[in-house]
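Data block below; observations after.
The values are calculated or read from the model by the stated rules, or taken from the named source; none is laboratory data. Fair warning: this is a prediction, and the values are worked out from it, not measured in the lab. Cβ: placed from backbone, ideal geometry, glycine included. Neighbour counts: every protein chain shown. Quick note on the areas: whole protein, heavy atoms, side chains included, nothing else; ligands and nucleic acids left out. Shrake-Rupley method; radii C 1.70, N 1.55, O 1.52, S 1.80 Å.
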Amino acid sequence: MQTTRLEEDNSMSERILTDIQHIIYNDISLKEFSIVPVTENKNKSPVLYEEHNLGLESWCIKHVYRYVYMELFRVRPLLRKNRLPQHNVEKINKLLIGALLIHPDVSTFWNMRRELVQYGEISLDKELLLTKLVLSHKNKSNEAFAYRKWILTRLIKSINKERVNFAILLLDEEFSVSEMAAQKAQNNYHAWNHRIWCIENIAKKTAVVESPEYLNIILSQLDFSVEWIDKHVSEHSGFQYRQYLCNSILNNTVETAPYNQNYQFLIAPYVGIDIMRYKNIPYLNKLLGNRESVIRNDPEEMLKCYNYVYYFIILLSDLFYYIRKLNEMFPGHESIWYHRRYVIYHLLKAAYDYHGLTWKRNLDLNEVYISNFENISNNIINCDLGIVQEKYQVRDRKRYPKILKYELDKVETSFLHSRIIQDEAVFISESIAGNCSDVQRDLAQRHEKWSKFVLRFNRI
């Protein structure tokens, strides 16, 4: 009697798996897979299919998974040696589809699919669809993302200058899948890291990076990151992705269209330097000071300056407009302040790199001197936070190190450096003015300490 019951369960599981495979292999527009909570068998097929969405009723999960688990581990040694008959290979493919949809965190099952791909038994396109369905159900499945990368690695080997459009289509699909996974799980770093991996491997390591499309991809993703952050301001992952995109500007290899006018419009009131009037090198000279080593007739040097200008106007638009807007609309969010630190740090770092200077931002212990109220030397810069604290009645009377004066370098005497310090003072003051929350006040004070003791902004 027990044997008969087991055979019936196995027969039912086989029918369910056949239905699932048939749907997946005949609908290339499938969107999602989910397990629907239905506790009773209503004497009908538990496979649900509607409007390009696939579902499986939960009451059958334990029967189907027990069946596929037993069958797969029974044939595992034969598959590893590629000694299975063709009809058994097709059955294993079907079993693996069901197993991975139900429980995608078993590495053995993914490895078995890798072996089927290597033996030429299943197509890469179907594997991308399968992993998409898995990620729609298990949004943070590291095994699914790893397998998808493995499939993509095999696909991108064929990308050359004649197949740039194929690479762009592939990128668009991966962006869509990673966005879907990120939408379903907060701070889904697996999804964002996959998105970055795709740019690194599909865009940067193929012919795409040598085409004008590379910069267009980065700029369009920057626009996407703004839309995402506006809706998920507390998630550090969205800011991290935007920071990666900003740094990717410097990897551009083709000088394409004129600079985006939106960025110019946003920073014009704060910078006052018109990029349409001062092209590339003159613009950088106005912003950072003259650099003696510029070779104006060198194409590589011209491209480098082009990338630097784009990099600066994007970071400056974040500093002067976007971060300020976010801070006004969503005060008290730590992610905004951390992004501001990133922007300021990389603006200054790029300025030093442009001039070929070493940025000595770390304090030497020999330069730090703790003074008391009665004996303050004339060659000491007071870094206490008392000015802002007294103005806004913040009671934090800790004593802070006093930093020795030192000779300013070319970056510290530049227009960019002075403009950043000026804006920092205003931004911090505005952030803690009025009836701000304790969280916002604490974030502003921590940021001020960081500015003074890490960047040595002594005039804030």
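General remarks:
- When LEU17 is tested against (1) open to solvent by 100 Å² or more (accessible area, probe 1.4 Å); (2) in a helix (DSSP H, G or I), only condition (1) is not met.
- Taking segment 165-265 as the region of interest, the helices (runs of 4 or more DSSP H) fully inside it that hold 3 or more residues being open to solvent by 60 Å² or more (accessible area, probe 1.4 Å), at pLDDT 90 or above and within 28 Å of SER34 (Cα to Cα) are 189-198.
- All conditions but one from (1) at pLDDT 90 or above; (2) open to solvent by less than 50 Å² (accessible area, probe 1.4 Å) apply to CYS436; the one that does not is (1).
- Being hydrophobic (A, V, I, L, M, F, W, C), under 30 Å from LYS184 (Cα atoms), open to solvent by 10 Å² or more (accessible area, probe 1.4 Å) and assigned to a loop (DSSP other than H, G, I, E, B) is a condition met by no residue of segment 80-93.
- Candidate set from segment 309-357 (those that are open to solvent by 10 Å² or more (accessible area, probe 1.4 Å) and of a type in the set (Asp, Glu)); member that is nearest to the chain's Cα centre (by Cα): GLU334
- Only one of the listed residues (ASN41, ASN26) is modelled with pLDDT under 95 and open to solvent by less than 100 Å² (accessible area, probe 1.4 Å). That residue is ASN41.
- Restricting attention to segment 386-428 and to residues that are open to solvent by 30 Å² or more (accessible area, probe 1.4 Å) and of a type in the set (Ser, Thr, Tyr), the residue that is modelled with the highest pLDDT turns out to be SER418.
- Single residue of segment 120-142 satisfying the filter (more than 21 Å from the chain's Cα centre (by Cα) and among the charged types (D, E, K, R)) that is most open to solvent (accessible area, probe 1.4 Å): ASP125
- Filtered residues of segment 44-79 (kept if open to solvent by 40 Å² or more (accessible area, probe 1.4 Å), among the hydroxyl-bearing types (Ser, Thr, Tyr) and closer than 23 Å to GLU115 by Cβ): TYR65, TYR69
- Residue within segment 17-32 that is touching a helix residue (DSSP H, G or I) at 6+ places or on another chain (Cβ under 8 Å) and farther than 26 Å from GLU179 by Cα present: yes
- Meets criteria (among the hydroxyl-bearing types (Ser, Thr, Tyr) and under 31 Å from the mean Cα position of the chain (by Cα)) for SER58: no
- Evaluated against (1) basic (Lys, Arg); (2) modelled with pLDDT under 90; (3) surrounded by fewer than 18 Cβ atoms within 10 Å (Cβ to Cβ), LYS449 falls short on exactly one condition, (2).
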